[in-house]
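The values are calculated or read from the model by the stated rules, or taken from the named source; none is laboratory data. These numbers come from a predicted model, not from an experiment. Every residue, glycine as well, gets a Cβ built from its backbone with ideal geometry; the counts of neighbours run over all protein chains shown.
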Amino acid sequence: MIILLQVLPVALRAMVPVTLCAVGEITGERAGVVNIGLEGIMTLSAFAAAIGSWATGNPWIGALCGMGAGAIVGLLHGFISVYLRGDQIISGVGINLLGMGAVGFGTWALWGAKSPMLDKKFWIPEVPGLGISPFVLMTPLLVVLTWWLLHRTALGLRIRAVGENPVAADVVGVPVEGVRLLAVVFGGALGGLAGAFLSLDWLHTVSPTLPAGRGFIALANVVFSKLNPFLALLGGFLFGYFDALAIQLASVAGFGGGIPYQFVRMIPYIATLAVVALAIGRARFPKALGQPYRRE
Amino acid sequence: MADNALLEARGIAKVYPDGTVALRGVDLVVRPGEVHGLLGENGAGKTTLTKIISGLLPPTSGEIRWRGKRVRFSSPREALRAGIGMVHQHFALVGPFTGLENIALGEEGGGALSPVHVASVRRRVEAIMRESGLEAPLDVPVEDLPVGVQQRVEILKMLYREVDLLILDEPTAVLTPQEAEELFSVLRGLAAQGRSVIFITHKLAEVTAVTDRVTVLRRGEVVATRETPGSTAEELARLMVGEELPPPRARAERAPGREVLRLEGFTVPGPAGKPAVQGVSFSVREGEILGIAGVQGNGQTELVEALVGLRPWSGHAELLGKDLAGRGPGEIASLGLAHIPEDRHGMGLILEFNLAENAILGRLRPFLDPLGRLRWGKVYRFARELISRFSIQAPGPRVPVRYLSGGNQQRLVVGRELSKAPKLLIANQPTRGLDVAATRYIRDLLLRLRDEGMAILLVSADLDEVLELSDRVAVMYRGTFAGVLSREEFDRERIGLLMGGVREAG
């Protein structure tokens with residue numbers, strides 16, 4: 001029984017990337033643009049954050065580098081989807097492949113065959129006195145901020161309008177392309193922050209497969225959340241909890257002896273599938289989701 | 001330039017990229033404070049002209065003066081900023097947004113990151129509602145509102161932006177007669193405040209009811225501009241159509257025969273768990289046209305699609321005594337049901353296919369040889385036969401149907417369906433978007449079929465059409481029949497009230 005509470009600190013950490021990515025993706029999807037490249041964004045930005053931290057010696061600048069890398073990839077995806085009217089799924093797949101390829105090459109070029117462990121001085125420090133990651137505090141704040149942006153501000157009204165009916169928005173003078181691009185860049189930046197968290201705060205390494213599918217889990221979380229940031233926080237926590245539980249179980253001797261740890265590590269993913277399968281079908285997505293806008 | 005013109009369009013021509021000439025040098029002058037009718041048949045160029053004026057389309061040539069200055073709007077938002085707003089047939093509303101959010105969008109009253117100034121927007125909208133007489137709920141998602149009310153939100157949105165010229169494209173198509181009357185008085189009120197309205201219609205009665213002046217378009221040209229008082233409906237009709245039409249076919253006196261279609265407690269599920277059609281019961285007999293009237297979106301589409309086997313339903317339905325439950329579209333068709341779908345492009349035809357290929361859609365068997373190959377000689381002979389029997393204007397059976405006019409496409413659909421020798425014909429919006437001559441043809445044909453003993457279920461949002469053709473009329477409102485009236489009981493006002501959901505006592 002005690003194990004269910006013991007895993008809480010890890011669960012809170014595991015919640016961060018899945019929640020941040022999902023909340024960013026919610027913003028983009030509200031504006032009508034799907035970005036399935038979250039995995040690639042996290043891979044790239046984790047790498048960029050590590051490099052930034054290592055080069056400047058300041059982990060917070062590293063985190064900003066990660067965010068910036070995410071925003072730039074978001075810009076690329078937004079440009080392809082919004083201005084070139086490309087297929088958003090293909091662009092997203094491209095970003096995922098780019099992430100794996102570029103980071104694979106980058107780590108090999110810098111460190112050779114073995115993935116590096118980051119030295120402690122490049123890590124993001126824990127919040128003094130509380131002993132938890134600042135990202136764990138930041139995540140709920142960003143959730144609230146994003147919800148407020150989407151549902152209380154003029155910009156949020158416009159974001160939701162261009163995702164639902166871009167014609168209506170265009171007629172009343174809302175620049176459809178600009179708003180969509182902005183939303184996608186915002187989503188990319190949050191994905192970038194999630195990537196920085198992975199390398200600088202949690203796993204302390206970089207690798208082409210660092211997110212381990214969490215970018216895709218975040219997409220599932222978006223469906224689960226019905227595009228509501230608060231539900232995405234809940235979804236993120238649920239996944240994080242199962243993730244932490246699996247990590248703990250895999251290391252418990254009795255369990256590890258009987259069952260191959262790979263099976264135990266499947267728990268969070270299977271749990272996610274089950275949750276999404278139950279939640280799906282009730283989500284209502286924006287009408288113009290995935291459709292480029294072209295004036296008549 | 002003309003004295004005292006708010007808007008002046010000179011020599012407007014429009015050629016679409018595919019070579020279609022929509023406008024051939026059109027002049028239009030709109031004065032301040034007038035309701036200006038734009039009258040013409042479908043395809044005459046009314047919508048194209050107003051799309052050019054409102055910045056949605058660039059003209060191929062010609063110039064537009066707005067308050068005396070030459071302008072060239074490259075987008076609707078530029079036109080709107082200058083004071084020209086258009087309400088299209090498909091509303092530009094964000095479905096899940098409330099009326100207030102739709103009106104505020106783009107004019108939220110502060111910077112991008114500041115909260116929407118809900119209270120001040122609401123105060124202004126409420127003032128506009130009092131002044132104009134247009135009432136609409138502001139806190140309900142517009143997708144939950146009836147279309148007539150959505151239209152009011154759309155007009156309020158334009159008034160909120162203080163337009164001086166309001167363009168309405170066939171606004172009464174989605175209204176009950178009573179709602180249309182209310183709209184007319186709102187438009188008169190706007191004109192009295194000095195604003196101008198361009199009112200697009202193909203209905204003569206509306207021109208005489210609401211406009212001050214009227215410009216008649218025919219095949220992309222202005223035929224005449226008249227002061228409405230002093231013009232007669234006959235004169236306008238002649239100008240609009242350009243030819244005298246034969247009088248409509250007289251209906252034969254005929255007692256209906258045996259029952260062909262019978263529904264009891266017919267229910268069709270709709271979106272979000274609410275039924276789209278709820279427990280409807282009726283029957284259609286041989287030699288009878290049952291008309292279903294109602295504002296579009298009250299379950300007519302779902303009713304028809306379920307009947308032809310395209311949607312699940314519950315309840316009881318039988319065609320010539322055979323239960324329809326569990327039968328698919330092909331099987332139902334083979335029992336003797338033919339269907340003229342409301343959307344001839346999406347459901348009735350394959351636009352990329354040629355005329356002959358479309359003519360045998362859904363009925364291949366008679367054209368197959370023993371090895372299962374198509375006998376093309378027979379297919380083309382059949383297509384030529386349809387072309388001559390239904391007077392389809394086409395260069396030949398090999399022409400892609402995309403290049404046929406709407407009227408000829410519809411003749412092809414009707415011809416194909418009738419070649420199946422049906423016992424029951426379901427005609428859903430059979431004349432929507434057709435010109436006057438093609439409309440006349442289809443209506444006369446339906447009456448002739450009825451006289452010859454066919455059972456016909458006619459669904460139409462055009463109340464005049466339903467009243468002209470039907471032996472009995474059912475009014476549909478929110479998925480139920482609000483009343484079934486026989487021909488002696490036909491009364492526009494009464495049917496209009498039923499269409500608006502006003503139930504009769506008893």
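Descriptive notes on the structure:
- Being assigned to a loop (DSSP other than H, G, I, E, B) and surrounded by 19 or more Cβ atoms within 10 Å (Cβ to Cβ) is a condition met by no residue of segment B:15-27.
- Residue match in segment B:288-298 (condition: buried (at least 17 other Cβ atoms within 10 Å of the Cβ), more than 20 Å from the chain's Cα centre (by Cα) and more than 30 Å from residue B:148 (Cα to Cα)): yes
- One residue stands out in segment A:134-173 among those that are among the polar types (S, T, N, Q) and more than 10 Å from chain B (Cβ to nearest Cβ): the one that is nearest to residue A:20 (Cα to Cα), namely A:139.
- The residue that is farthest from residue B:155 (Cα to Cα), among those in segment B:51-94 that are surrounded by fewer than 17 Cβ atoms within 10 Å (Cβ to Cβ) and facing another protein chain (nearest Cβ under 8 Å), is B:75.
- Evaluated against (1) under 28 Å from residue B:47 (Cβ atoms); (2) more than 12 Å from chain A (Cβ to nearest Cβ); (3) of a type in the set (Ser, Thr, Tyr), residue B:120 falls short on exactly one condition, (1).
- Out of B:112, B:104, B:44, sole residue that is touching a strand residue (DSSP E or B) at 6+ places or on another chain (Cβ under 9 Å) and at the interface with chain A (Cβ under 9 Å from one of its Cβ atoms): B:112
- Taking segment B:254-308 as the range and being of a type in the set (Asp, Glu), assigned to a strand (DSSP E or B) and within 23 Å of residue B:432 (Cβ to Cβ) as the test, only B:288 passes.
- Check on residue A:110, crowded, with 17+ Cβ neighbours inside 10 Å, away from chain B (no Cβ under 13 Å) and closer than 16 Å to residue A:50 by Cα: no
- Selected residue (only one of A:286, A:268 is within 14 Å of chain B (Cβ to nearest Cβ) and either touching a helix residue (DSSP H, G or I) at 6+ places or on another chain (Cβ under 6 Å) or assigned to a helix (DSSP H, G or I) (or both)): A:286
- In the set B:444, B:451, only one residue is under 27 Å from residue B:217 (Cβ atoms), surrounded by fewer than 19 Cβ atoms within 10 Å (Cβ to Cβ) and at pLDDT 90 or above; that residue is B:444.
- Flag for residue B:427 being assigned by TED's automatic domain parsing to the domain that holds residue B:277 and not in a loop (DSSP other than H, G, I, E, B): yes
- Matching residues in segment A:71-90 - criterion: being surrounded by fewer than 24 Cβ atoms within 10 Å (Cβ to Cβ), more than 17 Å from the chain's Cα centre (by Cα) and either farther than 16 Å from residue A:178 by Cβ or of a type in the set (Ser, Thr, Tyr) (or both): A:83, A:86, A:87, A:90
- Among the residues of segment B:39-92, those that are of a type in the set (Asp, Glu) and touching a residue at least 24 places away in the same chain (Cβ under 8 Å) comprise B:41, B:63.
- Any pair with Cβ under 8 angstrom, 6 or more apart, that starts in segment B:142-155 at a residue that is outside the structural domain of residue B:99 (by TED's automatic domain parsing) and ends at one that is among the aromatic types (Phe, Trp, Tyr): none
- Top-ranked residue in segment B:310-322 [being without any contact (Cβ under 8 Å) to a residue 24 or more places away in the chain and in a loop (DSSP other than H, G, I, E, B); ranked as farthest from residue B:149 (Cα to Cα)]: B:321
- Filtered residues of segment B:108-137 (kept if surrounded by 18 or more Cβ atoms within 10 Å (Cβ to Cβ), modelled with pLDDT under 95 and over 27 Å from the mean Cα position of the chain (by Cα)): B:108, B:116, B:121
- Condition check for residue A:258 on (1) out of contact with any Ser or Thr (no Cβ under 8 Å at 6 or more places or on another chain); (2) at pLDDT 80 or above: one failure, at (2).
- Residue B:479 within 22 Å of the chain's Cα centre (by Cα) and either without any contact (Cβ under 8 Å) to a residue 24 or more places away in the chain or more than 20 Å from residue B:172 (Cβ to Cβ) (or both): yes
- Out of B:156, B:166, one residue alone is touching a helix residue (DSSP H, G or I) at 6+ places or on another chain (Cβ under 9 Å), surrounded by 16 or more Cβ atoms within 10 Å (Cβ to Cβ) and assigned to a helix (DSSP H, G or I). It is B:156.
- Filtering segment B:220-240 to residues that are surrounded by 15 or more Cβ atoms within 10 Å (Cβ to Cβ), out of contact with any strand residue (DSSP E or B) (no Cβ under 8 Å at 6 or more places or on another chain) and either free of Cβ contacts under 8 Å to residues at least 24 places away in the same chain or outside the structural domain of residue B:52 (by TED's automatic domain parsing) (or both) leaves only B:238.
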